[in-house]
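Here is the structure we will look at, set down as structure tokens.
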Amino acid sequence: MANQHVRITRHLETLVRERHPETSPRALRKTAHYLSTQFSKEGWATTSQLVSAWGKVYRNVVAIKYPDRPGQGEELPPLLIGAHYDTVSGSPGADDNASGLVVLLEVASSLRAQPLARPIWLVAFCLEEQDRLGSQAFASRLKAERRELAGAIILECVGFARSEAGTQQIPPGVPIAVPTQGDFLAIVGNEASRALVTQLDQEAQRYASQLKPLSLVVPGRGEALPDTRRSDHASFWDAGYPAVVLTDTANFRNPHYHRETDTVATLNLEFLSNVAATVTATAIQIAGVRP
Ligand SMILES: [Zn+2]
């Protein structure tokens, strides 16, 4: 664990700074480059999907791992795991969303030597804070190409946890009991992704029960509960793909949300590594070769 925390801290030191298309475009580009380099170092094939906005070009960073041998499932629908890498202006974005990026990097490292039965795509999306333009472009292109997905797991603010009572606000209209202690991981899906919600919940119970997973399945595309649509998974819901978001509930727990105080010092590294363990275990369940 100590080693893992050292590695996570090193990633965070590089990633945590404002990464915004208007006010810090250079940091945004450098982050894309860093992610791409790290994925390559872990043996993943990397590519970019270009996204045009306001007359400029941005990129979704994509890392792919295929089954080792040809004819062993490389044609099967891939499992996608994604997190956005941009921030709002004025925030260094440690929880939102360097935390999600660190989980992506940890999963890339843990799956390095894992034999696969179907491809896995790790995607770092640009422009989530700009109406989800990055993931919208990604999901609508997939749909236009009539490609299928085994599912999409989106990481959105997964590094903030507090065990004191009263540290969790209740999002309005949520039809389940929500603890007032802000140390659980929320798993939110819709009817089309119910099976994926169940799998993530089970793997969290099994490998990281300290995460106290709390699952919610909403009807349709979450229209009746707009707070459940506030990340890149909604782009996949809208395009008809099964997608789930893992989150610490962002502003309903984290007082630093979208502020300049969203820094590394406020993150809970144990919580972060537990999320990474859960996502890795779920990815192996869905895309790994069964022994
Ligand atoms: Zn975010």
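The values are calculated or read from the model by the stated rules, or taken from the named source; none is laboratory data. Values in this document were obtained by computation on a predicted structure and should not be read as measured data. No Cβ is skipped: glycine too gets one built from the backbone with ideal geometry, and neighbour counts run over all protein chains shown. Calculation scope for accessible area: heavy atoms of the full protein, side chains included, ligands and nucleic acids excluded. Shrake-Rupley method; radii C 1.70, N 1.55, O 1.52, S 1.80 Å.
Structure notes:
- FRET efficiency, 1/(1 + (r/R0)^6) with R0 30 Å, evaluated for Q114 and Q169 via beta carbons: 0.20
- Distance between the range 125-188 and the range 83-106 - C-alpha centres, whole angstrom: 13 Å
- Listed peptides 263-275, 208-220, 228-240 appear in the order 228-240, 263-275, 208-220 once ranked by packing, highest mean of other Cβ atoms within 10 Å at the front.
- Along its three principal directions, the equivalent ellipsoid of the range 173-253 from the Cα gyration tensor extends over semi-axes of 20, 15, 10 Å, largest first.
- Helix-derived mean residue ellipticity, 222 nm - over the chain, DSSP H n ≥ 4, -39500 (n - 2.57), to 500: -10500 deg cm²/dmol
- Coordinate range of the alpha-carbon atoms in the range 1-158 per principal axis, descending: 48, 44, 22 Å.
- Each residue of the range 190-201 is assigned a 3J(HN,Hα), and the resulting list reads 10, 4, 5, 10, 4, 5, 5, 4, 4, 4, 4, 4 Hz, derived from the Karplus form 6.51 cos²θ - 1.76 cosθ + 1.60 (θ = phi - 60°), x at Gly and Pro.
- In order along the range 37-52, the Karplus-derived 3J(HN,Hα) couplings, from 6.51 cos²θ - 1.76 cosθ + 1.60 at θ = phi - 60°, round to 5, 5, 4, 4, 4, 8, x, 8, 7, 10, 8, 10, 10, 7, 10, 8 Hz, and Gly and Pro are given as x.
- Computed about its Cα centre, the charge dipole of the chain is approximately 700 debye, with only Lys, Arg, Asp and Glu carrying charge at their Cβ.
- At 1.306 mPa s and 10 °C, Stokes D of the chain from Kirkwood alpha-carbon radius, µm² per second: 85 µm²/s
- √(5λ) per eigenvalue of the Cα gyration tensor, the range 215-265, largest first, Å: 25, 11, 9
- Within the range 93-128, backbone nitrogen closer than 11 Å to the virtual label 7 Å beyond the Cα of A195 toward Cβ: none
- When you count the other C-beta atoms within 10 angstrom of each residue and take the mean per peptide, 18-26, 189-197, 140-148, 168-176 line up highest first as 189-197, 18-26, 168-176, 140-148.
- Candidate cross-link partners of K56 among the lysines, defined by an alpha-carbon separation under 23 Å and a same-chain spacing of 8 or more, comprise K30.
- In the range 194-291, the portion of solvent-accessible area held by carbon and sulfur atoms comes to 54 percent [1.4 Å probe, whole percent, DNA, RNA and ligands not counted].
- Karplus-derived HN-Hα couplings along the range 248-254 (A = 6.51, B = -1.76, C = 1.60, θ = phi - 60°), whole Hz, x at Gly and Pro: 8, 6, 6, 5, 6, 9, 8
- Projected label distance in nm at T261 and T9, using a 7 Å step from Cα toward the beta-carbon: 2.3 nm
- Gyration tensor (alpha-carbon) shape descriptor, the range 165-220, a/c threshold 1.5: oblate
- Gyration tensor (alpha-carbon) shape descriptor, the range 80-226, a/c threshold 1.5: rounded
- Cα gyration tensor shape of the range 103-162, rounded if a/c is under 1.5, else prolate or oblate by comparing a/b with b/c: oblate
- Neighbourhood net charge (13 Å Cβ-Cβ; Lys/Arg +1, Asp/Glu -1) for A94: -4
- Accessible-area composition of the range 5-71, carbon plus sulfur, in percent [1.4 Å probe]: 52 percent
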